[in-house]
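**Q** Take this structure first; my questions come after.
The values are calculated or read from the model by the stated rules, or taken from the named source; none is laboratory data. Not measured: the values here are computed from a predicted model. A quick note on method: Cβ atoms are made from the backbone with ideal geometry, for glycine too, and the neighbour counts reach across all protein chains shown.
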Amino acid sequence: MTSAFGLPIAWAVFLAALVTALATGLGAVPFAFIRRLSPRGAAAANATAAGLMLGASLGLLAEGVHHSPSRTFVGAALGIGFILITQRLLGHHEPEIGQLTGVSARRALLFLVVMTVHSFAEGVAVGVSFGGGESLGLAITLALAIHNIPEGLAITAVMRPRGVSLWTCAFWSVFSSLPQPLMAVPAFLLVDRVRPALPFGLGFAAGAMVYMVLIEILPEAYDAAESRTIALLVGGTTVVMLLFQQYL
Amino acid sequence: MTPATLLLYTLAATLAAGLGALLGGWGWFARHAVGWATAAAAGLMLGIGYVLLAAGQAIAPAPTLLGALLGLGAVRLADASPRGRGTATAGADTARVSSPPATDAGEILASALHSAVEGVAIGAAAGVGAPLASFLILTFAVHNISEGAVLGALLSGRGWRGRAAAGMAMLARSTQPLVAVSVLFLVLALPPLLPWLVGASFGALLYLIVAELLPHSYRLAGRTAIAVVVCLAAGVVALMGGGR
């Protein structure tokens, strides 16, 4: 079976998902124009990231609940547990990410782990959508590619204020989305078997992201800016992300 | 839910503000109890916000999301009071502590305005369904304890007697039932307004959670425990669909 572009359909799925992953790197671009963030700027970036993640989580939850509320809930609980355990494990290590070490690296790594895990579900979504037809697959690919740009922005917003270079931020942004091409093809090939597991994955990603926002990103933002400003930013970006998901 | 039932339930919830004001001594146990209650309220509000959002988007997505932005802006304006709402945590928030203190009337007015915004959310939830509204009223009853405690402690510190401070805390929160019933009447008279109001409620709830409840509870009980409580409460409400 070949795609409209003459490629075997499995390759078309892989390339489509690779495009969505590369789009995540575009999220680092705005930071090419911002050299250094003040503490208030860093707090605003954290609040923006929190809002984008919260909006993305609400979208994932809605999709998961549409398939199965109970499986989504179990997935979310597993996601929270996963982050708790990851946190404990990282508590005994001092990882290095680029120029980051110690506490900063732990936080950034935890964030990256969450975003990477969350990409698995998106890769499945790309693969499953191609199972419903090529035009549907391309539409979902386009939506996810655009959706990934703010995710790259969120990753960069967390890493850049901690001194990580722009290219490294772009690299980790793309890296966090690499599960998408890796998961898309098996999901496409095993679409019927994967579909019942989809709400678990969606819930897992949503639970992990919300917990990450609560345990790391928001407390850090509160340290450097007024809570009312943070609330306005978080609320605004959450709604913008929801609008984005609704109409793209 | 009928407007009469809504009025009865929300009036009962305002009594919690009086209880909070009587806890104004802020002993160790009271401080932690208020911290946990605040975290639970934040989680419940997040779950209810999610259910409201889903309900609004099912009716009309664009008005719901635009309403959310309007609700966010409205609650921010209502929160522009000289009092820092008593929920500051650290960092830049401490700047507000050094601002000139508001008068007693200013404090009470700020609390009343704050309650009015919450009343909009309750009224919109009642327009969606009685169980969802009941959930939200119960949540705000829990939230009223900490709000009453903040206002009560403030007034007591300025020489008010305990009972008078408790009475004033309940009076300030009484805008909650009045606005809730008014909004329900509005929704019943003009059903196309429902998605706008539901969206506005989501925006307002999200603002309250991030601006007030989370920093307040982090300060009282630590971030890990609070994150777990918030996720658990929100997850349970979302799983139950807010009782819808």
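**Q** How many of the residues making up region A:236-245 are at the interface with chain B (Cβ under 7 Å from one of its Cβ atoms) and among the aliphatic types (A, V, I, L, M)?
**A** Here is the first cut: in region A:236-245, the ones at the interface with chain B (Cβ under 7 Å from one of its Cβ atoms) are A:236, A:238-239, A:242-243.
From the residues that got through so far, the ones that are among the aliphatic types (A, V, I, L, M) too are A:239, A:242-243.
Of the residues in region A:236-245, 3 are at the interface with chain B (Cβ under 7 Å from one of its Cβ atoms) and among the aliphatic types (A, V, I, L, M).
**Q** Given the structure, is A:Glu220 within 27 Å of B:Ile226 (Cα to Cα) and at pLDDT below 75? Outline the logic, then answer.
**A** Details: within 27 Å of B:Ile226 (Cα to Cα): yes; at pLDDT below 75: no.
No: the conditions fail for A:Glu220.
**Q** Going by what's in this entry, would B:Gly56 be described as more than 13 Å from chain A (Cβ to nearest Cβ), modelled with pLDDT of 85 or more and closer than 24 Å to B:Leu46 by Cα?
**A** Details: more than 13 Å from chain A (Cβ to nearest Cβ): no; modelled with pLDDT of 85 or more: yes; closer than 24 Å to B:Leu46 by Cα: yes.
No: the conditions fail for B:Gly56.
**Q** Quick test for you: out of A:Leu233, A:Leu198, pick the one residue that is more than 14 Å from every other protein chain (Cβ to nearest Cβ) and surrounded by fewer than 24 Cβ atoms within 10 Å (Cβ to Cβ). Working first, answer last.
**A** Values: A:Leu233 fails: more than 14 Å from every other protein chain (Cβ to nearest Cβ).
Matching residue, one of A:Leu233, A:Leu198: A:Leu198.
**Q** Right, another one. For the subset of region A:126-181 comprising residues that are farther than 19 Å from A:Phe14 by Cα and among the small types (Gly, Ala, Ser), which member is modelled with the highest pLDDT?
**A** Residue satisfying both the conditions and the ranking: A:Ala170.
**Q** Would you check which residues across region A:7-36 are free of Cβ contacts under 8 Å to residues at least 60 places away in the same chain and not aliphatic (A, V, I, L, M) and list them?
**A** A:Pro8, A:Trp11, A:Phe33, A:Arg35, A:Arg36
**Q** Moving on. I'd like to verify a number: residues in region A:197-221 that are farther than 12 Å from A:Thr72 by Cβ and in contact (Cβ under 8 Å) with a residue 12 or more places away in the chain, how many?
**A** 12
**Q** What number of residues within region B:36-69 are more than 14 Å from A:Gly55 (Cα to Cα), part of a helix (DSSP H, G or I) and small (Gly, Ala, Ser)?
**A** Number satisfying all stated conditions: 11.
**Q** Still on this structure, please answer the following. Scanning region B:213-238 for residues that are among the small types (Gly, Ala, Ser) and at negative phi, which turns out nearest to the other protein chains (Cβ to nearest Cβ)? Even if it seems obvious, please write down each step before you answer.
**A** So the first thing to find is which residues in region B:213-238 are among the small types (Gly, Ala, Ser), and the list is B:217, B:221-222, B:225, B:227, B:233-235, B:238.
Still in the list and also at negative phi: B:217, B:221, B:225, B:227, B:233-235, B:238.
On the way: B:Ser217: 10, B:Ala221: 12, B:Ala225: 10, B:Ala227: 4, B:Ala233: 12, B:Ala234: 7, B:Gly235: 6, B:Ala238: 7 Å.
Going through the qualifying residues, I end up with B:Ala227.
**Q** I've got another one for you. Working only within region B:131-186, note down all residues that are over 19 Å from B:Ala112 (Cβ atoms) and of a type in the set (Phe, Trp, Tyr).
**A** If the condition is that a residue be over 19 Å from B:Ala112 (Cβ atoms) and of a type in the set (Phe, Trp, Tyr), then B:Phe135, B:Phe185 are the ones that fit.
**Q** Consider B:Val210 carefully, then state whether it is modelled with pLDDT under 80, part of a helix (DSSP H, G or I) and facing chain A (nearest Cβ under 9 Å).
**A** Values: modelled with pLDDT under 80: no; part of a helix (DSSP H, G or I): yes; facing chain A (nearest Cβ under 9 Å): yes.
So B:Val210 does not fit the description; no.
**Q** Further question: Whether any residue in region B:187-206 is farther than 24 Å from B:Thr10 by Cα, in contact (Cβ under 8 Å) with a residue 40 or more places away in the chain and of a type in the set (Phe, Trp, Tyr) is what I want to check.
**A** no
**Q** For the list (1) under 19 Å from A:Thr116 (Cβ atoms); (2) more than 9 Å from chain B (Cβ to nearest Cβ); (3) crowded, with 24+ Cβ neighbours inside 10 Å, I need the number of the one condition that A:Phe188 fails.
**A** (1)
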